[in-house]
1. Which of the residue pairs 49/218; 79/185; 129/215; 178/218 have a Cα-Cα distance greater than 29 Å in the structure shown?
2. To the nearest 0.05, how large is the calculated FRET efficiency for residue 206 and residue 63 if R₀ is 41 Å and r is the Cβ-Cβ distance?
3. To the nearest 0.05, how large is the calculated FRET efficiency for residue 217 and residue 49 if R₀ is 45 Å and r is the Cβ-Cβ distance?
4. Ignoring ligands and nucleic acids, what accessible area does residue 73 show with a 1.4 Å probe (Å², nearest 10)?
Amino acid sequence: MKLIKLILLVSVLTFSSTTLVTIPNPVVYADQAAKVISISVASPSNALKPKQIFQLKPDVVTSPKGTNVKITYSSTNTKVATVNASGLVMAVNPGKAIIYISSGGKSTYAVINVASTTVSLSKGLWVEKKDINKSEEQLLLDGAIYFELKSFKNNVLTGHIFSISASPSNRIADIEIKIEIKNGKGSFSYKDDGWGNSGNGTVEIKGNALLFGFKETKSDSSAMWNLGSISVTLYKSNSGSNVGVKAFEGQ
(Lines give C-alpha, C1' and ligand atoms only; values in the text may rest on other atoms or scores of the structure.)
Protein backbone atom coordinates (compact mmCIF):
# COMPACT_ATOMS: atom_id res chain seq x y z
CA MET A 1 0.00 0.00 0.00
CA LYS A 2 2.86 2.36 0.87
CA LEU A 3 4.51 1.49 -2.42
CA ILE A 4 1.38 2.46 -4.38
CA LYS A 5 1.14 5.82 -2.55
CA LEU A 6 4.80 6.52 -3.30
CA ILE A 7 4.34 5.82 -6.99
CA LEU A 8 1.29 8.13 -7.13
CA LEU A 9 3.19 10.91 -5.34
CA VAL A 10 6.12 10.67 -7.77
CA SER A 11 3.72 10.78 -10.72
CA VAL A 12 1.98 13.92 -9.40
CA LEU A 13 5.29 15.69 -8.78
CA THR A 14 6.57 14.78 -12.25
CA PHE A 15 3.40 16.06 -13.94
CA SER A 16 3.41 19.35 -12.03
CA SER A 17 6.98 20.15 -13.12
CA THR A 18 6.30 19.55 -16.85
CA THR A 19 6.16 22.75 -19.05
CA LEU A 20 3.52 22.70 -21.76
CA VAL A 21 4.78 24.22 -25.07
CA THR A 22 2.21 25.65 -27.51
CA ILE A 23 3.29 25.41 -31.18
CA PRO A 24 1.81 28.35 -33.14
CA ASN A 25 0.20 27.85 -36.51
CA PRO A 26 2.46 29.04 -39.41
CA VAL A 27 1.55 32.40 -40.97
CA VAL A 28 0.79 32.08 -44.67
CA TYR A 29 0.38 35.27 -46.68
CA ALA A 30 -2.22 35.44 -49.44
CA ASP A 31 0.22 36.10 -52.26
CA GLN A 32 2.37 33.19 -51.07
CA ALA A 33 -0.53 30.81 -50.77
CA ALA A 34 -2.23 31.72 -54.05
CA LYS A 35 -1.19 30.57 -57.46
CA VAL A 36 -1.67 32.99 -60.35
CA ILE A 37 -3.36 31.12 -63.18
CA SER A 38 -3.58 34.01 -65.68
CA ILE A 39 -3.49 37.78 -65.94
CA SER A 40 -5.01 40.06 -68.59
CA VAL A 41 -5.70 43.77 -69.02
CA ALA A 42 -7.56 46.06 -71.40
CA SER A 43 -5.71 48.88 -73.16
CA PRO A 44 -7.35 52.28 -73.66
CA SER A 45 -9.74 52.13 -76.62
CA ASN A 46 -8.61 55.58 -77.83
CA ALA A 47 -5.35 57.48 -77.82
CA LEU A 48 -4.77 59.56 -74.71
CA LYS A 49 -3.97 63.25 -74.75
CA PRO A 50 -0.94 64.67 -72.93
CA LYS A 51 -1.66 64.98 -69.16
CA GLN A 52 -4.66 62.63 -69.45
CA ILE A 53 -4.83 59.73 -66.96
CA PHE A 54 -6.08 56.17 -67.38
CA GLN A 55 -6.60 53.51 -64.71
CA LEU A 56 -5.46 50.01 -65.66
CA LYS A 57 -7.65 47.25 -64.22
CA PRO A 58 -5.91 43.87 -64.56
CA ASP A 59 -8.01 40.71 -64.38
CA VAL A 60 -6.01 38.22 -62.30
CA VAL A 61 -7.26 34.64 -62.00
CA THR A 62 -5.88 32.87 -58.90
CA SER A 63 -6.13 29.60 -57.06
CA PRO A 64 -7.73 29.82 -54.52
CA LYS A 65 -10.13 31.96 -56.48
CA GLY A 66 -10.35 35.65 -55.61
CA THR A 67 -7.12 35.79 -53.58
CA ASN A 68 -5.42 39.17 -53.45
CA VAL A 69 -1.94 39.08 -54.98
CA LYS A 70 0.80 41.63 -55.56
CA ILE A 71 0.83 43.26 -59.02
CA THR A 72 3.75 45.22 -60.47
CA TYR A 73 3.70 47.76 -63.29
CA SER A 74 6.42 49.22 -65.53
CA SER A 75 6.56 51.49 -68.60
CA THR A 76 8.86 50.98 -71.57
CA ASN A 77 8.89 54.71 -72.35
CA THR A 78 8.36 57.08 -69.44
CA LYS A 79 8.75 60.07 -71.78
CA VAL A 80 5.46 59.02 -73.39
CA ALA A 81 3.56 57.52 -70.43
CA THR A 82 4.27 56.77 -66.77
CA VAL A 83 2.53 54.34 -64.41
CA ASN A 84 2.43 54.20 -60.61
CA ALA A 85 2.22 51.23 -58.21
CA SER A 86 -1.59 51.29 -58.41
CA GLY A 87 -1.71 51.03 -62.22
CA LEU A 88 -2.62 54.67 -62.84
CA VAL A 89 -1.21 55.74 -66.21
CA MET A 90 -0.30 59.36 -66.96
CA ALA A 91 0.11 60.40 -70.61
CA VAL A 92 3.14 62.67 -71.02
CA ASN A 93 4.07 63.28 -74.66
CA PRO A 94 2.88 62.08 -78.08
CA GLY A 95 4.13 58.59 -78.92
CA LYS A 96 3.69 54.96 -77.92
CA ALA A 97 4.51 53.14 -74.67
CA ILE A 98 3.98 49.59 -73.43
CA ILE A 99 2.91 49.07 -69.82
CA TYR A 100 3.89 45.63 -68.51
CA ILE A 101 1.83 44.10 -65.70
CA SER A 102 3.19 41.12 -63.74
CA SER A 103 2.03 38.91 -60.87
CA GLY A 104 3.05 35.48 -59.61
CA GLY A 105 5.24 34.72 -62.61
CA LYS A 106 2.55 35.68 -65.12
CA SER A 107 2.59 38.87 -67.19
CA THR A 108 0.66 40.84 -69.78
CA TYR A 109 0.81 44.33 -71.26
CA ALA A 110 -1.26 47.34 -72.27
CA VAL A 111 -0.53 49.56 -75.27
CA ILE A 112 -0.66 53.29 -74.55
CA ASN A 113 -0.87 55.66 -77.50
CA VAL A 114 -0.57 59.37 -76.77
CA ALA A 115 -1.81 61.65 -79.56
CA SER A 116 -0.62 65.10 -80.48
CA THR A 117 -2.84 67.95 -79.42
CA THR A 118 -4.58 69.06 -82.59
CA VAL A 119 -4.94 72.81 -82.81
CA SER A 120 -6.48 74.83 -85.62
CA LEU A 121 -5.30 78.42 -86.07
CA SER A 122 -6.62 80.62 -88.84
CA LYS A 123 -4.39 82.78 -91.00
CA GLY A 124 -4.58 86.52 -90.83
CA LEU A 125 -4.15 89.29 -88.32
CA TRP A 126 -4.00 88.62 -84.57
CA VAL A 127 -4.21 91.66 -82.30
CA GLU A 128 -4.62 92.68 -78.69
CA LYS A 129 -8.15 92.16 -77.39
CA LYS A 130 -8.77 95.85 -76.73
CA ASP A 131 -8.25 96.51 -80.45
CA ILE A 132 -10.20 93.58 -81.83
CA ASN A 133 -13.14 95.60 -83.19
CA LYS A 134 -11.23 98.64 -84.41
CA SER A 135 -10.50 99.41 -88.03
CA GLU A 136 -7.05 98.88 -89.53
CA GLU A 137 -6.47 102.61 -89.68
CA GLN A 138 -7.36 103.04 -86.01
CA LEU A 139 -5.00 100.22 -85.01
CA LEU A 140 -2.13 102.00 -86.70
CA LEU A 141 -3.01 105.36 -85.18
CA ASP A 142 -3.20 103.98 -81.65
CA GLY A 143 -0.17 101.72 -81.89
CA ALA A 144 -0.21 98.11 -80.70
CA ILE A 145 1.34 94.68 -81.14
CA TYR A 146 0.20 92.54 -84.06
CA PHE A 147 0.89 89.05 -85.32
CA GLU A 148 0.40 88.21 -88.99
CA LEU A 149 -0.16 84.44 -89.04
CA LYS A 150 0.95 83.17 -92.43
CA SER A 151 0.59 79.40 -91.97
CA PHE A 152 0.09 76.67 -89.39
CA LYS A 153 0.81 73.22 -90.81
CA ASN A 154 2.17 70.07 -89.16
CA ASN A 155 2.37 71.97 -85.86
CA VAL A 156 4.73 74.57 -87.35
CA LEU A 157 3.65 78.18 -86.83
CA THR A 158 4.95 80.76 -89.30
CA GLY A 159 4.32 84.48 -89.16
CA HIS A 160 5.45 88.04 -88.55
CA ILE A 161 5.39 89.98 -85.27
CA PHE A 162 5.03 93.77 -85.33
CA SER A 163 5.25 96.27 -82.49
CA ILE A 164 4.07 99.68 -83.69
CA SER A 165 4.30 102.94 -81.79
CA ALA A 166 1.45 105.42 -81.82
CA SER A 167 1.10 108.04 -84.54
CA PRO A 168 2.71 110.23 -85.76
CA SER A 169 6.08 108.44 -85.47
CA ASN A 170 4.79 104.89 -86.07
CA ARG A 171 8.13 103.27 -85.44
CA ILE A 172 8.02 99.54 -86.10
CA ALA A 173 9.93 96.68 -84.53
CA ASP A 174 9.32 93.40 -86.34
CA ILE A 175 10.61 89.84 -86.55
CA GLU A 176 9.83 86.81 -88.67
CA ILE A 177 9.17 83.61 -86.71
CA LYS A 178 8.90 79.93 -87.55
CA ILE A 179 8.12 77.81 -84.50
CA GLU A 180 7.44 74.13 -83.91
CA ILE A 181 4.52 73.83 -81.48
CA LYS A 182 4.62 70.93 -79.01
CA ASN A 183 1.78 70.41 -76.54
CA GLY A 184 0.53 73.90 -77.30
CA LYS A 185 3.84 75.67 -76.69
CA GLY A 186 6.89 76.78 -78.67
CA SER A 187 9.99 78.93 -78.33
CA PHE A 188 12.11 81.00 -80.70
CA SER A 189 14.97 83.47 -80.83
CA TYR A 190 15.59 86.56 -82.95
CA LYS A 191 18.80 88.32 -83.89
CA ASP A 192 17.35 91.61 -85.11
CA ASP A 193 14.02 93.24 -84.38
CA GLY A 194 14.63 95.84 -87.08
CA TRP A 195 16.66 98.03 -84.72
CA GLY A 196 19.61 95.77 -84.00
CA ASN A 197 18.17 94.29 -80.79
CA SER A 198 18.09 90.53 -80.20
CA GLY A 199 16.38 88.21 -77.75
CA ASN A 200 14.24 85.14 -77.10
CA GLY A 201 10.53 84.52 -77.24
CA THR A 202 7.81 82.02 -76.43
CA VAL A 203 4.31 81.39 -77.72
CA GLU A 204 1.52 79.40 -76.09
CA ILE A 205 -1.86 78.49 -77.52
CA LYS A 206 -4.46 79.17 -74.83
CA GLY A 207 -7.97 78.47 -76.07
CA ASN A 208 -8.76 81.01 -78.80
CA ALA A 209 -5.75 83.19 -77.96
CA LEU A 210 -2.00 83.27 -78.54
CA LEU A 211 0.16 84.25 -75.58
CA PHE A 212 3.49 85.73 -76.71
CA GLY A 213 6.43 86.45 -74.45
CA PHE A 214 9.55 88.41 -75.40
CA LYS A 215 12.80 88.86 -73.50
CA GLU A 216 15.40 91.14 -75.00
CA THR A 217 18.91 89.78 -74.35
CA LYS A 218 21.01 92.26 -76.31
CA SER A 219 20.15 95.91 -76.94
CA ASP A 220 21.57 98.25 -79.55
CA SER A 221 22.45 101.57 -77.94
CA SER A 222 21.38 103.45 -81.06
CA ALA A 223 17.95 101.77 -81.32
CA MET A 224 14.99 104.15 -81.25
CA TRP A 225 12.45 101.34 -80.82
CA ASN A 226 12.32 97.69 -79.75
CA LEU A 227 10.10 94.76 -78.86
CA GLY A 228 11.50 94.87 -75.35
CA SER A 229 10.68 92.32 -72.65
CA ILE A 230 6.93 91.89 -72.51
CA SER A 231 4.06 89.40 -72.43
CA VAL A 232 1.00 89.97 -74.60
CA THR A 233 -2.16 88.02 -75.45
CA LEU A 234 -3.38 88.27 -79.04
CA TYR A 235 -6.74 87.33 -80.56
CA LYS A 236 -7.87 86.77 -84.12
CA SER A 237 -8.89 90.11 -85.62
CA ASN A 238 -12.36 90.71 -87.03
CA SER A 239 -10.97 93.07 -89.67
CA GLY A 240 -10.65 90.24 -92.16
CA SER A 241 -7.39 91.40 -93.74
CA ASN A 242 -3.82 92.26 -92.87
CA VAL A 243 -2.68 95.71 -91.90
CA GLY A 244 -0.29 97.26 -94.42
CA VAL A 245 2.33 98.03 -91.78
CA LYS A 246 5.16 98.20 -94.31
CA ALA A 247 3.81 101.54 -95.51
CA PHE A 248 4.65 103.06 -92.14
CA GLU A 249 8.29 101.97 -91.93
CA GLY A 250 10.73 104.83 -91.63
CA GLN A 251 8.10 107.40 -90.62
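The values are calculated or read from the model by the stated rules, or taken from the named source; none is laboratory data. Please read these numbers as outputs of a predicted model, since none were measured by experiment. Note that each Cβ is placed from the backbone with ideal geometry, even for glycine, and that neighbours are counted across all protein chains shown. Quick note on the areas: whole protein, heavy atoms, side chains included, nothing else; ligands and nucleic acids left out. Shrake-Rupley method; radii C 1.70, N 1.55, O 1.52, S 1.80 Å.
1. Numbers: 49/218 38 Å; 79/185 17 Å; 129/215 22 Å; 178/218 21 Å.
Beyond 29 Å: 49/218.
2. 0.15
3. Numbers: r = 34 Å, r/R0 = 0.76.
The formula returns an efficiency of 0.85 here.
4. Result for residue 73: roughly 50 Å² accessible.
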